[in-house]
Amino acid sequence: MNTNLLIHSEAAKYIGVSEIPGPGSNPTIIKFIDEAASWLKDDVRDIDGSIAWCGCFRGHIGLITGTGVPPAHYRAASWATWGRAVSLNPSNWYKGMTAVMSRQGGNHVTLIDHIEGDTVFCLGGNQSDKVCISPFPISRITHVRSAI
């Protein structure tokens, strides 16, 4: 199994991990945040609902697979410097590659799962408040990175 597929495989084990509605937080998501920067959760009551944790999730996967993390990996944009750059041509994208995309108010980091037409399906954290595979327009992707 190549390294990108290993990353995807480990991330897929967390599909379904979700935020707890209302006060309180999912301990698994808290672990992702603590590994990234424990100070992120200081003085926050609804931790997983108040923190953009996509970078924390991707960082956890980098740590457990030994594939590494960029500095300040809790910031989605930091993943634009990790690994090896891949062309923005979707024909060069493969399962498990890391994608950074724009979103209102910042960025999002996720893993490529598959492509259908103009849509890239991505496996990531903090997608609809959970770890899941979600569709995104290919046009939102700003960086694609590969572990190999």
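The values are calculated or read from the model by the stated rules, or taken from the named source; none is laboratory data. Bear in mind the structure is a predicted one, so any value in this text is a computation, not a measurement. Note: ideal-geometry Cβ built from the backbone for every residue, glycine included; neighbour counts use all protein chains shown. Note: accessible area is taken over every heavy atom of the protein model, side chains too, but ligands, DNA and RNA are not part of it. Shrake-Rupley method; radii C 1.70, N 1.55, O 1.52, S 1.80 Å.
Scanning region 109-127 for residues that are open to solvent by 10 Å² or more (accessible area, probe 1.4 Å) and either part of a strand (DSSP E or B) or touching a Cys at 6+ places or on another chain (Cβ under 8 Å) (or both) yields D113, H114, I115, E116, T119, F121, N126. Annotation: G96 fulfils all but one of (1) open to solvent by less than 10 Å² (accessible area, probe 1.4 Å); (2) among the small types (G, A, S); (3) assigned to a helix (DSSP H, G or I); the unmet one is (3). Of the residues making up region 59-74, those that are assigned to a loop (DSSP other than H, G, I, E, B) and crowded, with 16+ Cβ neighbours inside 10 Å number 5. The set of residues in region 7-23 being part of a loop (DSSP other than H, G, I, E, B) and either open to solvent by less than 30 Å² (accessible area, probe 1.4 Å) or at pLDDT 95 or above (or both) consists of K13, Y14, I15, G16, V17.
Scan region 126-141 for residues that are without any contact (Cβ under 8 Å) to a residue 40 or more places away in the chain and more than 13 Å from the chain's Cα centre (by Cα) and jot them down. Hits for region 126-141 are P135, F136, P137, S139, R140.
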